Amino acid sequence: MTRLVLVLGDQLSETLSALQAANRTTDLVVMAEVADETEYVQHHPKKIALVLAAMRKFAQQLRDQGWRVAYSRLDDPDNTGSIPGELLRRAAETEAQEVLATTPGEWRLIDALRMLPITLQLHSDTRFIATREDFAVWAKGRKQLRMEYFYREMRRKTGLLMEAGKPIGGKWNYDHDNRKPAPDFQPDAEPLRFAPDKDVQEVLTLVQDRFAGHFGELLPFAFATNRTQALQALEHFITNALPRFGDYQDAMLRGSRTLYHALIAPYLNIGLLHPMEVCRAAEAAFHAGHAPLNAVEGFIRQILGWREYVRGIYLLEGPDYVTRNALGHSRPLPDFYWGGETRMSCIQLAVAQTREDAYAHHIQRLMVTGNFALLAGIDPHALHEWYLAVYADAFEWVEAPNTIGMSQSADGGIIASKPYVSSGAYIDRMSDYCKSCAYDVKAKTGETACPFNLLYWHFLIRHRARFDNNPRMGNMYRTWDRMEEQRKSQVLADANAFLSRLDSGEIC
Ligand code: FAD
Ligand code: DLZ
Ligand code: SF4
């Protein structure tokens, strides 16, 4: 009896648990390009093209290995437009009575599969280093779920960068060495780019025709679309950029959109790379003397620590996590997040890069677009939908904890022990953005004052009752309390004036 084996667009791994549990000769793999998945948010065209091109190539790879694959293209006339719809269509065609699936990454699809009127064998997703159960055991009974402690446990469990049960170099975390400001030289690393082949070109034409109205530029398209290319991208990063990854991890430069970042999140998140192989490759570079410890530890922490941790939080906290709004923020997302005009150079640059590349690195997301939204009191759900749409690596299980939790403190402090807010001084120190800005980063009040300077205090004061007792924020409140009364009133009045201009749609 034929069974159906579901492979989703972010499950493109030969080691997928559903494939491991299936029978290559008797079962039928189902892969489907569907309207529901391409439209649940207005995904960036580059992201849609990446997922569809990689799906088509993976389907062919499976066929070459002897699997039978029923593949639905987006423009198939019989396409029902949804994953459950396509499974039921294939079940009707083949009289299959059972579906094998690897648990989807997102609650929306987990729930949709559970509603299927057909037997469902759901296998856990083994493409992570910690299982959902591992995380739940770690989290149980803890008052605070801090990433750092989870990360240390993961280091012990995997042995990554460990020696005789102790962290290599004597410290768990080298973050202190990883905060160099923007370099005064042009970074000498560029991510590997892949010219579209015939199959990718075909997808680009489809995406161009169908999603031209979505925010983002489709061309040039240079992502890896199969495992071989993704492995080349990884190797290229390890050779060329990893040695300086740590030093300039938090820096931002007009002339270099990627600095020494890896640009591998899209490949990890759709299954072309496995997190453990990526960590092992970085560790090997350290042992070979090719990259220093601060770079390698910093890089491994992002994957073994943050990536695994945020997934754990997403699964632990449940489907309502994305609607949390602990700070009660409700301002609509300004038009400049969608490319509308702004005088703030940092935002303009981060958004322009996002529109062109479907990529911005972590500090651009956290300390520019995220920071502004938090300071200005933007509705976190609207912001969540923005991040989910505009980045090629955006999938809810990883995007939502980063946005709702880390960036917006909307989960009440589960992820961030204090809000990630800063005035313009931080952006000025870490980037060369302020030099070309209409606002003056040094001005603390007045019409030309950097909006981050004004809103920083506005945020702290409007949430004083919540954060006053946070030991990590005491200094900020003491600085405010020491300010002259007249200056305080001026800062708050100027911040309110800025917010009124923002609300009235004036160019800010
Ligand atoms: P690098 O800086 O080179 O880091 C290497 C790898 O570490 C990344 O590829 C990624 O897999 C992992 N990593 C680094 N930081 C994080 C993190 N905070 N959480 C999880 N993994 C991390 N990452 C996504 O993969 N998808 C998202 O949708 C996403 N949304 C984000 C939204 C906000 C508001 C913020 C602040 C961060 C978000 N991140 C997201 C985390 C991070 O910004 C990206 O993983 C990173 O920028 C991807 O670029 P890179 O591959 O060059 O990463
Ligand atoms: C992101 C995405 C897109 C754009 N299109 C598809 C698709 O057509 N078919 C598919 O199976 N998956 C797609 N995906 C990935 C899914 O949205 C992803 O599997 C879920 O969000 C679960 O993480
Ligand atoms: Fe951004 Fe302020 Fe610097 Fe302008 S001055 S780039 S708004 S931080």
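So the values come out like this:
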{"item": "Thr26 surrounded by 17 or more Cβ atoms within 10 Å (Cβ to Cβ) and of a type in the set (Ser, Thr, Tyr)", "result": "no"}
{"item": "Index of the failed condition, Glu217 passing every other in (1) near ligand 1 (Cβ under 10 Å from one of its atoms); (2) in a loop (DSSP other than H, G, I, E, B)", "result": "(1)"}
{"item": "Qualifying helices (runs of 4 or more DSSP H) (wholly inside the range 403-506; at least 2 residues being of a type outside the set (Val, Ile, Thr), under 16 Å from Thr369 (Cα atoms) and within 14 Å of ligand 3 (Cβ to nearest atom))", "result": "424-430, 451-462"}
{"item": "Considering residues of the range 378-391 that are farther than 27 Å from Arg462 by Cα and touching an Asp or Glu at 6+ places or on another chain (Cβ under 8 Å) only, the residue farthest from ligand 2 (Cβ to nearest atom)", "result": "Tyr391"}
{"item": "Criterion violated by Glu148 - all others in (1) under 30 Å from Gly412 (Cβ atoms); (2) over 25 Å from the mean Cα position of the chain (by Cα); (3) in the same structural domain as Gln302 (by TED's automatic domain parsing) satisfied", "result": "(2)"}
{"item": "Total residues in the range 37-76, condition within 24 Å of the chain's Cα centre (by Cα), closer than 14 Å to Leu6 by Cβ and within 9 Å of ligand 2 (Cβ to nearest atom)", "result": "2"}
{"item": "Output for the range 328-366, where each listed residue is away from ligand 3 (no atom under 15 Å from the Cβ), in a loop (DSSP other than H, G, I, E, B) and either among the polar types (S, T, N, Q) or under 26 Å from Arg429 (Cβ atoms) (or both)", "result": "Ser330, Tyr359, His361"}
{"item": "Residue among Leu388, Leu366, Leu349 that alone is away from ligand 1 (no atom under 12 Å from the Cβ) and assigned by TED's automatic domain parsing to the domain that holds Val441", "result": "Leu349"}
{"item": "Which listed residue, of Val69, Val41, Val51, is more than 16 Å from ligand 3 (Cβ to nearest atom), of a type outside the set (Lys, Arg) and in a strand (DSSP E or B)", "result": "Val69"}
{"item": "Test: residue in the range 264-286 that is surrounded by fewer than 21 Cβ atoms within 10 Å (Cβ to Cβ), away from ligand 3 (no atom under 16 Å from the Cβ), among the hydroxyl-bearing types (Ser, Thr, Tyr) and not assigned by TED's automatic domain parsing to the domain that holds Met430", "result": "no"}
{"item": "Residue pairs meeting the criteria (Cβ under 9 Å; at least 6 apart or on separate chains; first without any contact (Cβ under 8 Å) to a residue 24 or more places away in the chain, in the range 379-405; second within 16 Å of ligand 3 (Cβ to nearest atom) and assigned to a helix (DSSP H, G or I))", "result": "Tyr387/Arg365; Tyr387/Thr369; Tyr387/Gly370"}
{"item": "Test: Ala241 is at pLDDT 95 or above and under 21 Å from the mean Cα position of the chain (by Cα)", "result": "yes"}
{"item": "Residue check, Ile270 within 16 Å of ligand 2 (Cβ to nearest atom), out of contact with any Lys or Arg (no Cβ under 9 Å at 6 or more places or on another chain) and either acidic (Asp, Glu) or touching a residue at least 40 places away in the same chain (Cβ under 8 Å) (or both)", "result": "yes"}
{"item": "Only listed residue being under 30 Å from Asn470 (Cα atoms) and not hydroxyl-bearing (Ser, Thr, Tyr), chosen from Lys171, Lys166, Lys157", "result": "Lys171"}
{"item": "Meets criteria (at pLDDT 95 or above, over 29 Å from the mean Cα position of the chain (by Cα), surrounded by 14 or more Cβ atoms within 10 Å (Cβ to Cβ) and outside any loop (DSSP other than H, G, I, E, B)) for Ala91", "result": "yes"}
{"item": "Qualifying residues in the range 72-109 (those that are of a type in the set (Asp, Glu) and either under 27 Å from Asn269 (Cβ atoms) or touching a helix residue (DSSP H, G or I) at 6+ places or on another chain (Cβ under 8 Å) (or both)) - the one nearest to ligand 3 (Cβ to nearest atom)", "result": "Glu106"}
{"item": "Residue list for the range 446-466, filter: over 26 Å from Ala326 (Cβ atoms) and surrounded by fewer than 16 Cβ atoms within 10 Å (Cβ to Cβ)", "result": "Gly446, Glu447, Thr448"}
{"item": "Ala224, sole failed condition from (1) assigned by TED's automatic domain parsing to the domain that holds Glu297; (2) surrounded by 18 or more Cβ atoms within 10 Å (Cβ to Cβ); (3) within 23 Å of the chain's Cα centre (by Cα)", "result": "(1)"}
{"item": "Near pairs, Cβ below 6 angstrom, 6+ apart or cross-chain, from the range 65-76 (surrounded by fewer than 18 Cβ atoms within 10 Å (Cβ to Cβ)) to any residue that is among the small types (Gly, Ala, Ser)", "result": "Val69/Ala59"}
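The values are calculated or read from the model by the stated rules, or taken from the named source; none is laboratory data. Note that this is a predicted model, so its numbers are computed, not measured. No Cβ is skipped: glycine too gets one built from the backbone with ideal geometry, and neighbour counts run over all protein chains shown.
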